[in-house]
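Trainee: Okay, handing you the structure first.
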Amino acid sequence: MFVLVVGGGKVGYYLAKELIDSGHEVVLMEKDRARAAQIVDELGSIVVPHDGCEGKYLGEAGSNRA
């Protein structure tokens, strides 16, 4: 299943990690570029470094598939 997680705080990060470990395809949106880079280092290139409240970035992240 394709899952789009908006926000890379504690809840978003661990949710994405669990979903990846369960074999799901995950994209995580995080507007804080430093936090986004940290997540990329830990989980791989699943991060879209933009604000998940903006429609154009949601579309780029694949919200139509989620």
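Trainee: Farthest toward the dipole's positive end in the chain, which of 57, 44, 24, given Cβ charges of +1 (Lys, Arg) and -1 (Asp, Glu) about the Cα centre?
Mentor: It is 57.
Trainee: Now for a different question. Please state the shape class of the range 15-66: rounded when a/c is under 1.5, otherwise prolate if a/b exceeds b/c and oblate if not, all from the C-alpha gyration tensor.
Mentor: Since a/c reaches 1.5 but b/c is at least a/b, the shape of the range 15-66 is classed as oblate.
Trainee: Say a paramagnetic label sat at a point 7 Å from the Cα of residue 17, along Cα to Cβ; which residues of the range 25-45 have their backbone N under 15 Å from it?
Mentor: The answer is 36, 38-44.
Trainee: Out of residues 5 or more away from residue 52 or on other chains, whose amide H comes under 5 Å of its own, with H placed 1.01 Å from N in the peptide plane?
Mentor: 31
Trainee: Another question about this same structure. Give the residue list of GluC sites (Glu not before Pro) in the range 9-66 that are DSSP loop and have at most 13 other beta-carbon atoms within 10 angstrom.
Mentor: Here the GluC sites (Glu not before Pro) that fit, given the DSSP loop and packing criteria, are 54.
Trainee: Going by amide H atoms built from the backbone, whose H comes under 5 Å of the H on residue 3, apart from near neighbours?
Mentor: Answer set, sorted by chain and number: 25, 26, 27.
Rule-based calculations on the coordinates, nothing more; no lab input. This structure is a prediction, so every number in the text was calculated from the model and none was measured. Cβ sites come from the backbone with ideal geometry, for glycine too, and all protein chains shown count toward neighbours.
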